[in-house]
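Peer 1: Sending over a structure as structure tokens; questions will come in a sec.
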């Protein structure tokens, strides 16, 4: 494994000058070459891929959706759950086939998995055809590393530094909604979570830089921004700022819609609630993971709140923010979760009647404390509990959606429906998916329109344009 010893100043200089210094070389190296990019994981990874896409295209590469046409293949990986890792390993088989049959194919692994020593070792020992591993802290160095590698200089693994880089350019997936990273990393160290080990400590961006990015997006015609962080409401602790103040400043820019993910209950303040209730352009949608309803399990998870404290916060939000939609995350089968522990989780779902929930069976991640915990609960029992939980969650999701039947709601239309190209789709202020029909319906893409809901299901709504 080779870890280049570059200090921050030198790395910044390389990043700032790469497109100037190597302009002619880049033209020669990447002319008529294409790249294929596949993303695994959370919103943070999706946004990281927008950054990766920008770098590749500034080098002169053209994106292709056909992997067999690609000269550069980039897999942006996620380490949160085992199935994501299995998918990456499985897909590497196809990459190996292409590598053997096309010598000019260059394979890059990026993202969280590249921060895990066991994964790096596995790749080096069993998948040596991979050309480059680059961690989450060093995506900005991809142009330099790619150009260097193509010029025959050996660099295999690159992962270091916890700095915050400003002025990053993105090739965004949408023309209407945009992710904005406001902070990186996490300091909570939940016992099941690999994020603090793969993305590092919490580092916040400067407030003025974030506001400038929002203002530029407004000029480009964007309707909605989502403030993004692994623990978004912990923003500013390291630089003397508050998330509530940042949220208010973003609202004052006049951007039409503002969202933020993901919040930790322990950092959710009264000031945040006041700001959300004050500004109409801050959407009444909050994702508030509880993970478990059992205080014993929450303690072993190191979540830093009790079931009672979570419920107090939940009801406070419901009381002060009209029409708020709250979704959550729940882990089933944490080591030695008893039936009684699970029943307490079901009680929380019944009390809160969440608009939706992301539910998972516990997946041990190597290097975390939970992975070393003894566990006597069978996978069969965990799967039964997950099914039972999902049945309850879906019931309340459907109940929530039924409340909108025959109501008029505002929807930001984002594009054509994948299932029916005579319809378009978009999201309400409460983050509910709506499939819409009407005359000249495609003319509404990119606009916020009034829609009457004609049908309500557990996971989506149908509607017609209100004339």
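Peer 1: To the nearest 0.05, what FRET efficiency results for residue 102 and residue 387 with a Förster distance of 45 Å applied to their C-beta separation?
Peer 2: So, using R0 = 45 Å, E works out to roughly 0.50.
Peer 1: Then there is this: Pairs of alpha-carbon atoms within less than 8 angstrom and 6+ residues apart define the contacts here; what relative contact order does the range 174-283 have, in percent?
Peer 2: It comes to 28 percent, rounded to a whole number.
Peer 1: If R₀ is 45 angstrom, what is the calculated FRET efficiency for the pair residue 118 and residue 460, using the beta carbon separation as r and rounding to 0.05?
Peer 2: Details: r = 39 Å, r/R0 = 0.88.
For residue 118 and residue 460, the calculated efficiency is 0.70.
Peer 1: Quick one: if you take sqrt(5λ) for each eigenvalue of the C-alpha gyration tensor of the range 397-463, what semi-axes come out, biggest first, whole angstrom?
Peer 2: Numbers: eigenvalues 68, 27, 21 Å².
With the √(5λ) rule applied to the range 397-463, the semi-axes are 18, 12, 10 Å.
Peer 1: Can you pull a Stokes-Einstein diffusion coefficient for the range 42-130 at 37 °C (0.692 mPa s), Rh from Kirkwood over Cα pairs, as a whole number of µm²/s?
Peer 2: Details: Rh = 13.9 Å.
It comes out at roughly 237 µm²/s.
Peer 1: Taking other Cβ within 10 Å of each residue's Cβ, how do 376, 457, 34 sort, fewest first?
Peer 2: 376, 457, 34
Peer 1: Right, next: Using the count of nearby Cβ atoms within 10 Å as a rough guide to exposure, how do 431, 379 rank from fewest to most?
Peer 2: Going from sparsest to densest Cβ surroundings: 379, 431.
Peer 1: Compute the length gained on full extension between residue 174 and residue 256: take 0.36 nm times their separation in residues and subtract their Cα-Cα distance, giving the result in nm to one decimal.
Peer 2: So the extension gain works out to 28.0 nm.
Peer 1: Now for a different question. In whole Å, largest first, what are the principal axis extents of the Cα atoms in the range 174-283?
Peer 2: 41, 29, 23
Peer 1: May I ask you to compute the full-extension gain from residue 62 to residue 271, defined as 0.36 nm times their residue separation minus their alpha-carbon distance, rounded to one decimal in nm?
Peer 2: The residue 62-residue 271 span can extend by a further 70.7 nm.
Peer 1: When only Cα pairs under 8 Å and 6 or more residues apart are kept, what is the percent relative contact order across the chain?
Peer 2: Here the relative contact order equals 10 percent.
Peer 1: Take every Cα pair under 8 Å in the range 408-465 that's 6+ residues apart, average their separations, divide by the length, and report that relative contact order as a whole percent. Provide the component values of the computation, followed by the final result.
Peer 2: On the way: 133 pairs, mean separation 21.0, N = 58.
Reported as a whole number, the value is 36 percent.
Peer 1: Something else now. So how far apart, in nm, are the two label points at residue 339 and residue 302 if each is 7 Å from Cα heading toward Cβ?
Peer 2: The modelled label-to-label distance comes out at 3.2 nm.
Peer 1: Out of every Cα-Cα pair in the chain, what percent are more than 30 Å apart?
Peer 2: Percent of Cα pairs beyond 30 Å in the chain: 51.
Peer 1: Quick one: 208, 375, fewest Cβ neighbours within 10 Å first, how do they rank?
Peer 2: 208, 375
Peer 1: Rounded if a/c is under 1.5, else prolate if a/b beats b/c, else oblate: with a ≥ b ≥ c from the C-alpha gyration tensor eigenvalues square-rooted, which is the range 208-360? Intermediate values should be presented prior to the final figure.
Peer 2: Working: a/c = 2.31, a/b = 2.01, b/c = 1.15.
Note, shape of the range 208-360 comes out prolate.
Peer 1: Further question on the same structure: As an exercise, use a Förster radius of 51 Å and the Cβ-Cβ distance of residue 187 and residue 405 to find the FRET efficiency, rounded to the nearest 0.05.
Peer 2: According to the calculation, E is roughly 0.75.
Coordinate-derived values only; no laboratory data. Predicted model, so just to flag it, every value in this text is computed and none were measured. Cβ coordinates were reconstructed from backbone atoms using ideal geometry, including for glycine residues, and neighbour counts include every protein chain displayed.
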